[in-house]
């Protein structure tokens, strides 16, 4: 059986009829709310937002006693909050999800999710929906919006890897690093590849619905369409490879791309580059040069590669173990266009034997791994086959 | 102990054993609140069990929805401007919403959506359930019976590496998961036995793909669908480099190197999104949602005879397909019942609609 809320007589509430702007900037600062308008005049019921974005709405000026068992739809007929920006469409009449309650004589609504900055909400309290109400009363309407804490464009592309300006024809991917978290879902709209005449290259990239972001949404991985890199596939036969040796291109990241706060970027980013020969050779650690530190210092171990390697993988797939096989804690950095890796230990080196550990999944710019080239011509012999998951390069740290 | 008590005790133990053997699948699901960090692909298993891919958390969750009916609901489902309606429910704007996956619960006929509220790293994961009358409600991911399988190495604390989950399916006691990392270019297809064990970790297999039998790469799978060929379970997979391939599920063993057989070449500018398999007039078809070609209908007749495409073919290679241009803009595709599909489609003018389309 439905219990009734004992509200004061609706007639006695006399909700105001005229819409007036309160514009009560009850703190326009970060995270605080602004009540824009209400149809209620004192001393009738007033709709308030309590405790900011993660708070709740309540109807003040009515004194219900006891609580009520109502279905969500019935609660929403009495007191509902809507996203006002959608008014004019049917969706504007879909109430925000949340939970109602009557506690200590106050009717309140807590939205299921925090309110969003920059969204205007319309709260409607309808006294006519009270059980037992005989006289139709006009609803009380109030508008709320949370001002955006900061709507200025500050985010930019911090850098793009590979950082060199000549890439192999079979370049596999770019890493695009941003100075702040970005928004997902429309990435490919804002990325273009232009040829030397500034004309867009048709469908150069692998477009994945899922979008390849790091967990903080600050690094975007952009793969070239592998169907146009791999030999013997229709896309490449139909329209050729995306990049062609000897030609120049520009990668353009449009500033219209929104960051996670919903602001466009400060400026468009351009990376011009030339294209060289395709690279089909696997990186071979035998050709790497190690510059060794001396004992009792925190000098970096530097490893120089004959060609640039993948920026993302270099930070994860190279490490150092001591003579006991324990991983040496360190900070690693890259330089010389990803042709040098610097390993600076957190504590000083001890004299003795160490090993540089290399995961064989480490790739060069064209996706050739240490244990396998990007593509294998299975009618030809593979020069070098690596079966193990790691390759070790031993080195010794000596006393100065 | 009195004889009757002993008998009663033995009977109870026996009953408990019987119950556990009968309800093995459900027994592994424990009540609680899954620590979902994101919601990606969805797939249904038997008895209303929903599998949810959590790319940010690097895990697959099995959740008992309790959503079963003696007679699954029928009839078309249609919601215009569904993005606006969902945004309104979630108290936000459509532009701050991402619909990640659509799945149909065969046990009830209800449609499920995985949605991100927000587009940044702090987006809230939301599951929604839609009945055939078009009523949308949240399926609260709280106090539900669930189990979790962690994907090894998918997420590493403090690292930028992550793994997108591009496909998810349940097939005869296995959950199949296709993934793609944001660093290395390689195939990650995992087969996780279900019910999940406490320590379950999906073991990945490498699938190689040879173009025209010649150049071989370890290319990632973009979307896939299970399909039976001559009584043997297969995976039909669309690769990131466009071909459609088949390989037997029996090859999905840890450490195995699998070679997929190309059964169709889809050509340039193709972006396969979702695939379903259906039967019509005694014949099987694959229906593929595709960014540039609308829906593609591919008859599977002769699929068992294809041993792999060995020569470049000018236009269509292997299985042929017809394109259903009227259905351009399909973003998500799921099988609603034996005669219909449900699609999330971007209509001309920009509205995002949920629609029922008869299987062609």
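Do the conditions hold for residue B:111, that is, is it surrounded by 22 or more Cβ atoms within 10 Å (Cβ to Cβ) and either out of contact with any strand residue (DSSP E or B) (no Cβ under 6 Å at 6 or more places or on another chain) or within 13 Å of chain A (Cβ to nearest Cβ) (or both)? Spell out how you get there, then give the answer.
Working: surrounded by 22 or more Cβ atoms within 10 Å (Cβ to Cβ): yes; either out of contact with any strand residue (DSSP E or B) (no Cβ under 6 Å at 6 or more places or on another chain) or within 13 Å of chain A (Cβ to nearest Cβ) (or both): no.
Spelling it out, it is not the case that residue B:111 is surrounded by 22 or more Cβ atoms within 10 Å (Cβ to Cβ) and either out of contact with any strand residue (DSSP E or B) (no Cβ under 6 Å at 6 or more places or on another chain) or within 13 Å of chain A (Cβ to nearest Cβ) (or both).
Which one of A:335, A:291 is without any contact (Cβ under 8 Å) to a residue 12 or more places away in the chain and surrounded by fewer than 18 Cβ atoms within 10 Å (Cβ to Cβ)? Give the derivation first.
Details: A:291 fails: without any contact (Cβ under 8 Å) to a residue 12 or more places away in the chain.
It is A:335.
Return a yes/no flag: does the stretch B:139-151 have any residue that is within 30 Å of residue B:248 (Cβ to Cβ) and at the interface with chain A (Cβ under 9 Å from one of its Cβ atoms). Outline the logic, then answer.
Narrowing the stretch B:139-151 to residues within 30 Å of residue B:248 (Cβ to Cβ): B:147-151.
Now restrict to residues that are at the interface with chain A (Cβ under 9 Å from one of its Cβ atoms): none.
So far as the stretch B:139-151 goes, no, none of its residues is within 30 Å of residue B:248 (Cβ to Cβ) and at the interface with chain A (Cβ under 9 Å from one of its Cβ atoms).
Does residue A:218 satisfy being touching a residue at least 12 places away in the same chain (Cβ under 8 Å) and touching a helix residue (DSSP H, G or I) at 6+ places or on another chain (Cβ under 7 Å)? Break it down into steps so the answer makes sense when it comes.
On the way: touching a residue at least 12 places away in the same chain (Cβ under 8 Å): yes; touching a helix residue (DSSP H, G or I) at 6+ places or on another chain (Cβ under 7 Å): no.
So residue A:218 does not fit the description; no.
Got a sec? Which strands (runs of 3 or more DSSP E) wholly within the stretch A:166-269 have at least 1 residues that are under 22 Å from residue B:116 (Cα atoms) and within 28 Å of the chain's Cα centre (by Cα)? Give the steps one after another, and end with the answer.
Working: elements: A:166-168, A:173-178, A:191-194, A:219-223, A:248-253.
Because the criterion is at least 1 residues that are under 22 Å from residue B:116 (Cα atoms) and within 28 Å of the chain's Cα centre (by Cα), the strands (runs of 3 or more DSSP E) in the stretch A:166-269 that meet it are A:173-178, A:219-223.
Condition (residue is without any contact (Cβ under 8 Å) to a residue 24 or more places away in the chain and on the phi > 0 side of the Ramachandran plot) applied to the stretch A:259-270: is it met by at least one residue?
First, pick out the residues of the stretch A:259-270 that are without any contact (Cβ under 8 Å) to a residue 24 or more places away in the chain: A:268, A:270.
Now restrict to residues that are on the phi > 0 side of the Ramachandran plot: none.
No, the conditions are met nowhere in the stretch A:259-270.
With the structure loaded, tell me whether residue A:345 is more than 14 Å from every other protein chain (Cβ to nearest Cβ), under 22 Å from residue A:389 (Cα atoms), in contact with a strand residue (DSSP E or B) (Cβ under 9 Å, 6 or more places away or on another chain) and surrounded by 14 or more Cβ atoms within 10 Å (Cβ to Cβ) or whether it fails that test. Steps first, please.
Working: more than 14 Å from every other protein chain (Cβ to nearest Cβ): yes; under 22 Å from residue A:389 (Cα atoms): no; in contact with a strand residue (DSSP E or B) (Cβ under 9 Å, 6 or more places away or on another chain): yes; surrounded by 14 or more Cβ atoms within 10 Å (Cβ to Cβ): yes.
No; evaluated as a whole, the condition is false for this residue.
What are the residues in the stretch A:291-316 that are part of a loop (DSSP other than H, G, I, E, B), over 19 Å from residue A:353 (Cβ atoms) and at pLDDT 95 or above, if any? Steps first, please.
Restricting attention to the stretch A:291-316, the residues satisfying the condition of being part of a loop (DSSP other than H, G, I, E, B) are A:292-293, A:295-300, A:305-308, A:310, A:315-316.
The next check asks that each one be over 19 Å from residue A:353 (Cβ atoms); those that pass are A:305-308, A:310, A:315-316.
Scanning the stretch A:291-316 gives A:305, A:306, A:307, A:308, A:310.
Does the stretch B:114-138 hold any residues that are in a loop (DSSP other than H, G, I, E, B) and within 12 Å of chain A (Cβ to nearest Cβ), and which are they?
Taking the stretch B:114-138 and keeping what is in a loop (DSSP other than H, G, I, E, B), we get B:118-123, B:131-135.
B:118, B:119, B:120, B:121, B:122, B:123, B:134, B:135, listed by residue number.
Of everything in the stretch B:67-97 that's outside any helix (DSSP H, G or I) and out of contact with any strand residue (DSSP E or B) (no Cβ under 8 Å at 6 or more places or on another chain), which residue is farthest from residue B:350 (Cα to Cα)?
Step one: list which residues in the stretch B:67-97 are outside any helix (DSSP H, G or I), which gives B:67-81, B:90-93, B:97.
The next check asks that each one be out of contact with any strand residue (DSSP E or B) (no Cβ under 8 Å at 6 or more places or on another chain); those that pass are B:68-75.
Numbers: B:68: 35, B:69: 36, B:70: 38, B:71: 36, B:72: 32, B:73: 30, B:74: 28, B:75: 26 Å.
Among residues in the stretch B:67-97 that are outside any helix (DSSP H, G or I) and out of contact with any strand residue (DSSP E or B) (no Cβ under 8 Å at 6 or more places or on another chain), the one farthest from residue B:350 (Cα to Cα) is B:70.
What number goes with the only condition from (1) touching a strand residue (DSSP E or B) at 6+ places or on another chain (Cβ under 7 Å); (2) surrounded by fewer than 16 Cβ atoms within 10 Å (Cβ to Cβ); (3) modelled with pLDDT of 90 or more that residue B:275 does not pass?
Evaluating residue B:275 over (1) touching a strand residue (DSSP E or B) at 6+ places or on another chain (Cβ under 7 Å); (2) surrounded by fewer than 16 Cβ atoms within 10 Å (Cβ to Cβ); (3) modelled with pLDDT of 90 or more leaves (2) as the failure.
Would you please list the contacts, defined by Cβ atoms under 7 Å and residues six or more apart or on different chains, that run from a residue in the stretch A:165-193 that is in the same structural domain as residue A:257 (by TED's automatic domain parsing) to a residue that is assigned to a helix (DSSP H, G or I)?
Within 7 Å, the pairs are A:175/A:311; A:175/A:312.
Being in contact with a helix residue (DSSP H, G or I) (Cβ under 7 Å, 6 or more places away or on another chain) and outside the structural domain of residue A:47 (by TED's automatic domain parsing) is the requirement here; does residue A:162 meet it? Walk me through it before giving the result.
On the way: in contact with a helix residue (DSSP H, G or I) (Cβ under 7 Å, 6 or more places away or on another chain): yes; outside the structural domain of residue A:47 (by TED's automatic domain parsing): yes.
Against the criterion (in contact with a helix residue (DSSP H, G or I) (Cβ under 7 Å, 6 or more places away or on another chain) and outside the structural domain of residue A:47 (by TED's automatic domain parsing)), residue A:162 qualifies.
If I ask for residues that are crowded, with 16+ Cβ neighbours inside 10 Å and modelled with pLDDT under 90, which ones from the stretch A:93-106 would you list?
Of the residues in the stretch A:93-106, the ones crowded, with 16+ Cβ neighbours inside 10 Å are A:94-98, A:100, A:102, A:106.
A:102, A:106 - these are the residues of the stretch A:93-106 that are crowded, with 16+ Cβ neighbours inside 10 Å and modelled with pLDDT under 90.
Sort out which residues of the stretch B:164-183 are buried (at least 22 other Cβ atoms within 10 Å of the Cβ) and within 11 Å of chain A (Cβ to nearest Cβ), and write them in order of number. Steps first, please.
Taking the stretch B:164-183 first, the residues buried (at least 22 other Cβ atoms within 10 Å of the Cβ) are B:164-168, B:175-180, B:182-183.
Matches in the stretch B:164-183: B:164, B:165, B:166, B:167, B:178, B:179, B:180, B:182, B:183.
Any residue in the stretch B:258-270 that is modelled with pLDDT of 85 or more, under 30 Å from residue A:212 (Cα atoms) and away from chain A (no Cβ under 14 Å)? Break it down stepwise before answering.
Within the stretch B:258-270, the first condition is being modelled with pLDDT of 85 or more, and the residues that meet it are none.
The answer is no, given that none of the residues of the stretch B:258-270 is modelled with pLDDT of 85 or more, under 30 Å from residue A:212 (Cα atoms) and away from chain A (no Cβ under 14 Å).
The values are calculated or read from the model by the stated rules, or taken from the named source; none is laboratory data. Worth saying up front: this structure is predicted, and the values here are computed from it rather than measured. A quick note on method: Cβ atoms are made from the backbone with ideal geometry, for glycine too, and the neighbour counts reach across all protein chains shown.
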